Amino acid sequence: MAERSGGIEDDTFGGRYPTSHERMTGLLWDASYHDGPAPWDIGRPQPAIVRVASKGGFAGAVLDAGCGTGENALHVASLGLSVLGVDVAETALAMARQKAADRGIEVEFAVADVFHMERLGRRFKTVMDCGLFHTFDANERPEYVASLASMTENDGTLYVLCFSDEGPDTGPHPVSGEELRAAFNTSIVWNVLDVERDRVQTRFHDNGAPAWFATIKRI
Ligand SMILES: C[S@@+](CC[C@H](N)C(=O)[O-])C[C@H]1O[C@@H](n2cnc3c(N)ncnc32)[C@H](O)[C@@H]1O
């Protein structure tokens with residue numbers, strides 16, 4: 001067994017390190033999908049993703065990091081792009097595959113740990129992260145950002161939709177604009193082009209929660 005950020009890699013976690021969220025809750029991410037829809041699982045794509053996709057913001061091979069039950073991946077794939085959604089929660093992936101079959105959408109879903117995407121041996125022109133970055137703590141972020149760099153093509157684009165700390169009614173993992181920029185600006189391979197105020201829809205916010213929508217370029 002090995003340790004990272006106090007986490008233990010063992011068979012309970014399918015041979016991967018538990019994330020800070022899993023250590024904090026004492027539950028695997030998969031458990032979020034066992035008893036009805038998770039708070040973030042709104043049954044439709046995030047409006048921010050629909051908006052950017054409608055403006056041609058997705059190109060080439062697309063990765064949805066932490067895709068959950070796949071609504072964002074399915075939306076982008078329905079526009080004719082090649083999309084892979086990855087997640088550590090097999091229950092969510094099974095739901096995503098069922099939706100793809102029901103809707104007749106060609107899209108790929110695979111179990112993968114975003115901290116070890118090199119195991120897939122694939123690179124992507126566009127990567128989206130809807131609600132994953134903000135679940136990682138300050139120890140995990142540098143490793144996640146490095147892993148994202150290894151899976152994103154040069155000149156590729158990363159979109160991050162995460163909770164912001166600008167209230168009222170902030171989400172459970174509020175991130176400041178400075179924190180978000182700093183996570184990527186500390187690396188020479190990323191260029192943060194834009195961090196816009198946005199909303200992230202949840203099952204518990206009538207008009208969504210305050211969010212950042214970041215557009216980040218892989219140099
Ligand atoms: C807040 S949910 C968002 C899900 C989806 N993007 C959405 O918008 O509905 C975060 C997702 O990231 C997944 N996740 C957490 N840690 C991960 C990791 N290390 N590798 C891959 N997926 C992870 C969780 O299982 C969960 O499905």
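Taking the Cα centre of each part, how many Å lie between the range 133-165 and the range 9-38?
Cα centroid to Cα centroid, the span is 20 Å.
Which percent of the accessible area of the range 124-169 is formed by carbon and sulfur heavy atoms (probe 1.4 angstrom)?
C and S atoms contribute 49 percent here.
Once each part is reduced to its C-alpha centroid, what is the distance from the range 168-217 to the range 40-92 in angstrom?
17 Å
With the Cα gyration tensor of the chain giving a ≥ b ≥ c as the square roots of its eigenvalues, does the rule (a/c under 1.5 for rounded; else a/b larger than b/c for prolate; else oblate) give rounded, prolate or oblate?
rounded
Output the Cα-based Rg and Dmax of the range 1-121 in Å, rounding Rg to one decimal and Dmax to a whole number.
Radius of gyration, then largest Cα-Cα span, for the range 1-121: 15.2, 46 Å.
Can you list the residues of the range 28-63 with backbone N under 15 Å from a point 7 Å past the Cα of Leu79, pointing along Cα to Cβ?
45-63
List the longest stretch of the chain that has no exposed loop site; here a site is one of the GluC sites (Glu not before Pro) assigned by DSSP to anything other than H, G, I, E or B, with at most 14 other Cβ within 10 Å.
Between the exposed loop sites, the longest stretch runs 1-105.
For the chain, what does the helix formula give at 222 nm: sum of -39500 (n - 2.57) over DSSP H segments with n ≥ 4, over the residue count, nearest 500 deg cm²/dmol?
Estimated from H runs of four or more residues: -7500 deg cm²/dmol.
As an exercise, identify the trypsin sites (Lys or Arg not before Pro) in the range 32-141 lying in DSSP coil whose Cβ has no more than 15 other Cβ atoms within 10 Å.
Lys55, Arg122
Name the long-range amide H neighbours of Glu140: under 5 Å, sequence gap of 5 or more, or other chain; modelled H, no Pro or chain starts.
Hits under the 5 Å cutoff: none.
So what is the relative contact order for the chain, in percent, with contacts set as C-alpha pairs under 8 Å and at least six apart?
17 percent
Which whole-number value in Å² is the accessible area per residue of the chain, probe 1.4 Å?
Ligands and nucleic acids excluded, the figure is 46 Å² per residue.
Label points 7 Å out from Cα along the Cβ direction at Ala94 and Asn139: separation in nm?
Those two pseudo-labels are separated by 3.2 nm.
Go through Ala138, Cys162, Gly57 and say which Cα lies farthest out towards the positive end of the charge dipole of the chain; charges sit on Cβ, +1 for Lys and Arg, -1 for Asp and Glu.
Value computed over the given set: Gly57.
With +1 assigned to the C-beta of every Lys and Arg and -1 to the C-beta of every Asp and Glu, and no other charges, what is the dipole magnitude of the chain about the Cα centre in debye, to the nearest 20?
740 debye
State the Kirkwood hydrodynamic radius of the range 102-163 in Å, one decimal place, computed from all pairs of distinct Cα atoms.
12.9 Å
Treat each spin label as a single point 7 Å out from the Cα along the C-beta direction, and report the Ser176 to Ser150 distance in nm.
3.1 nm
Residue by residue through the range 131-145, which ³J(HN,Hα) values in whole Hz follow from phi under the Karplus form 6.51 cos²θ - 1.76 cosθ + 1.60 (θ = phi - 60°), with glycine and proline marked x?
Once rounded to whole Hz, the list reads x, 9, 3, 6, 7, 8, 8, 4, 6, 7, 4, x, 5, 5, 5.
Roughly to the nearest percent, how much of the accessible area of the range 20-118 is carbon and sulfur, given a 1.4 Å probe?
C and S atoms contribute 55 percent here.
The values are calculated or read from the model by the stated rules, or taken from the named source; none is laboratory data. What you see is a predicted model, and the numbers here were worked out from it, not measured in a lab. Quick reminder, even Gly has a Cβ in these numbers, built from the backbone with ideal geometry, and neighbours come from all protein chains shown. Please note that ligands, DNA and RNA were not included when accessible areas were found on the heavy atoms of the full protein model with its side chains. Shrake-Rupley method; radii C 1.70, N 1.55, O 1.52, S 1.80 Å.
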